[in-house]
Amino acid sequence: MGNLEAVELGLRQALFKDGRALLEDLLHQADPSLGGQVSRPGEKCHPGRVKQAQTIFGPVPLRRRYFYDPARQCGRAPLDQALGLIHSFSPALVRLAARAAARQGYQGASEDLRTLAAIAIQGRQIQRLVNQVAPRVAVQLEQGPSPDTGPIPILYVEVDGTGVPMVARELAGRKGKQPDGSAKTREVKLGAVFTQTRCDEEGRPERDYASTTYVGGFESAEAFGVRIREEARRRGIGRARQVVFIGDGAAWIWELRRLCFAGAVEILDLYHALEHLHLLCEGLYAGQKHWSDKMESTWEDQIKNNRVAEVIAAARRRLQQMGSCSDALGRQIAYFEHHQHRMFYKTYRQAGLFCGSGVVEAGCRAVIGQRLKNSGMFWTEPGGKSVLDLRCALQGNRWEECWDRLHESDRLKIRAVA
């Protein structure tokens, strides 16, 4: 047989050629069968106007009626809209290109499509398609049925934020963490909603398979609170026997909880608490590593056993013994005082609940970091939001659902026109 690879690639090329021919014939037959093909007042009809439709089989000539209004200097081709073309690209091609762009940079997406699917589309074209279609995917993210239909034992809401590098004009006038007070990034807020039905044999909580969905945005905490609340409502928060809200120590997170999730069990992420404990012990026992390690171990055990009040009291006593007025150490102790009602970790474990916000923190890396924070990337807000919405659909187990409903809504519009 010779070179099998050459045979395979040759067969693919032949099949694509046949596919283009079949698709051209189907599209030619579709024109007179669709509604909206008559002139409006003031329009002139140009029958048989040819356009190259870009499809997954390659370019296909599309002959259709084109209507032009000289007075308004605008034209329309009803068949293009009826077929769901976006800048001459077919819905299936847009779907593939958007998925590739959701996973990696635009140029990498272009190269993968060429290698894996024999689709020739430039990175800049993919970027334009993403910016065009992502807002429509975002609408679908806010709608759609919940995968949960029955009672939900435990529904979790986790919220976090992470910085994304932006172009200079997006950062003008914004305060940041640079030495001169300027900013290099803008915060993207991410929310994760998931469910828990059972614990494992050792009593550790298990997240329900494929139950995590994400929402994200560059907006204010107040606006984002509405977004994550709506996602929890869509997921069936009203059917949940228990709602658990987990976050780190950021003030905006707990204000969001107060405004949008009244009655939820509040849990301060254990691992953030232990990070603060480490800093506190290092400060209280500076230069005394043995004592610092010893007290950190002792206090960690107390924190995990609902005895945070004892840790706070002991830390206050140590600070007085030092005769120190350190603002930094005072803030560390105040952190535990402020959050102690969210730190009953022994009780949470006994109830079979998660004590950490690892789901949303992993989401910050997987949904945002792996695509929006790569070396050399700088975003505008609209461009970053477009990719973020696609990532939320892809990583949040909703890609096929959102695109299927998007195309279904297009078909409903076509029937309405007809």
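On the basis of being farther than 25 Å from Pro205 by Cα, free of Cβ contacts under 8 Å to residues at least 24 places away in the same chain and surrounded by fewer than 14 Cβ atoms within 10 Å (Cβ to Cβ), does Cys281 make the cut?
No; evaluated as a whole, the condition is false for this residue.
Considering segment 147-158 alone, what residues qualify as being modelled with pLDDT of 95 or more and either surrounded by 17 or more Cβ atoms within 10 Å (Cβ to Cβ) or out of contact with any strand residue (DSSP E or B) (no Cβ under 8 Å at 6 or more places or on another chain) (or both)?
Those that are modelled with pLDDT of 95 or more and either surrounded by 17 or more Cβ atoms within 10 Å (Cβ to Cβ) or out of contact with any strand residue (DSSP E or B) (no Cβ under 8 Å at 6 or more places or on another chain) (or both): Ile152, Ile154, Leu155, Tyr156, Val157, Glu158.
Name the single residue that is modelled with the lowest pLDDT among those in segment 1-51 being basic (Lys, Arg) and under 38 Å from the mean Cα position of the chain (by Cα).
Once the filter is applied, the top-ranked residue is Lys51.
Got at least one residue in segment 270-278 being surrounded by 16 or more Cβ atoms within 10 Å (Cβ to Cβ), over 17 Å from Ile246 (Cα atoms) and more than 33 Å from the chain's Cα centre (by Cα)?
no
Name the one entry in Gly191, Gly176, Gly161, Gly144 that is surrounded by 11 or more Cβ atoms within 10 Å (Cβ to Cβ) and out of contact with any strand residue (DSSP E or B) (no Cβ under 7 Å at 6 or more places or on another chain).
Residue meeting the stated conditions: Gly144.
Let me spell it out: the conditions are (1) in contact with a Leu (Cβ under 8 Å, 6 or more places away or on another chain); (2) in contact (Cβ under 8 Å) with a residue 24 or more places away in the chain, and Leu113 meets all of them except one. Which number is the exception?
(2)
What pairs come up if the first residue lies in segment 137-152 and is under 19 Å from Arg227 (Cβ atoms), the second is among the acidic types (Asp, Glu), and their beta carbons are under 7 Å apart, counting only those six or more places apart or on different chains?
Val137/Asp389; Ala138/Asp389; Leu141/Asp389; Glu142/Glu230; Gly144/Glu401
Could you check segment 308-342 and list, in sequence order, the residues that are closer than 15 Å to Ala250 by Cα, among the hydrophobic types (A, V, I, L, M, F, W, C) and buried (at least 19 other Cβ atoms within 10 Å of the Cβ)?
Within segment 308-342, Phe336 is the sole residue that qualifies.
Residue check: is Arg95 of a type in the set (Lys, Arg) and in contact with a helix residue (DSSP H, G or I) (Cβ under 6 Å, 6 or more places away or on another chain)?
Yes.
Return the pair list, or none, for Cβ contacts closer than 6 Å from residues in segment 192-208 that are of a type in the set (Val, Ile, Thr) to residues that are assigned to a strand (DSSP E or B), at least 6 apart or on different chains.
Val193/Val157; Val193/Thr213; Thr195/Ile152; Thr195/Leu155; Thr197/Pro153
What are the residues in segment 301-355 that are of a type in the set (Asp, Glu) and in contact with a strand residue (DSSP E or B) (Cβ under 8 Å, 6 or more places away or on another chain), if any?
Of everything in segment 301-355, nothing turns out to be of a type in the set (Asp, Glu) and in contact with a strand residue (DSSP E or B) (Cβ under 8 Å, 6 or more places away or on another chain).
Considering only segment 35-137, give the strands (runs of 3 or more DSSP E) lying wholly within it that have at least 2 residues that are crowded, with 17+ Cβ neighbours inside 10 Å and touching a Gly at 6+ places or on another chain (Cβ under 8 Å).
Fully inside segment 35-137 and qualifying: 58-69.
For segment 292-326, which residues satisfy the criterion of being of a type in the set (Gly, Ala, Ser) and in contact with a helix residue (DSSP H, G or I) (Cβ under 6 Å, 6 or more places away or on another chain)?
Ser292, Ala315 - these are the residues of segment 292-326 that are of a type in the set (Gly, Ala, Ser) and in contact with a helix residue (DSSP H, G or I) (Cβ under 6 Å, 6 or more places away or on another chain).
Matching residues to (1) over 14 Å from Tyr271 (Cα atoms); (2) of a type outside the set (S, T, N, Q):
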position: Glu300; (1), (2): no, yes
position: Asn305; (1), (2): yes, no
position: Glu310; (1), (2): yes, yes
position: Ala315; (1), (2): yes, yes
position: Leu319; (1), (2): yes, yes
position: Met322; (1), (2): yes, yes
position: Gly330; (1), (2): yes, yes
position: His339; (1), (2): no, yes
position: Arg342; (1), (2): no, yes
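Just a yes or no: is a residue in segment 68-89 without any contact (Cβ under 8 Å) to a residue 40 or more places away in the chain, touching an Asp or Glu at 6+ places or on another chain (Cβ under 6 Å) and farther than 17 Å from Ser386 by Cβ?
The answer is yes; a qualifying residue exists.
For (1) within 22 Å of Tyr106 (Cα to Cα); (2) within 18 Å of the chain's Cα centre (by Cα); (3) of a type outside the set (Asp, Glu), each residue gets a yes or a no:
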| site | (1), (2), (3) |
| --- | --- |
| Glu310 | no, no, no |
| Gly323 | no, no, yes |
| Tyr335 | no, no, yes |
| Ser357 | no, yes, yes |
| Leu390 | yes, yes, yes |
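Out of the residues in segment 314-369 meeting the condition of being without any contact (Cβ under 8 Å) to a residue 12 or more places away in the chain and among the aliphatic types (A, V, I, L, M), tell me which one is nearest to Glu381 (Cα to Cα).
Ala362
The values are calculated or read from the model by the stated rules, or taken from the named source; none is laboratory data. These figures come from a predicted structure and were not determined experimentally. When we count neighbours, we look across all protein chains shown, and the Cβ atoms used for this are built from the backbone with ideal geometry, even at glycine.
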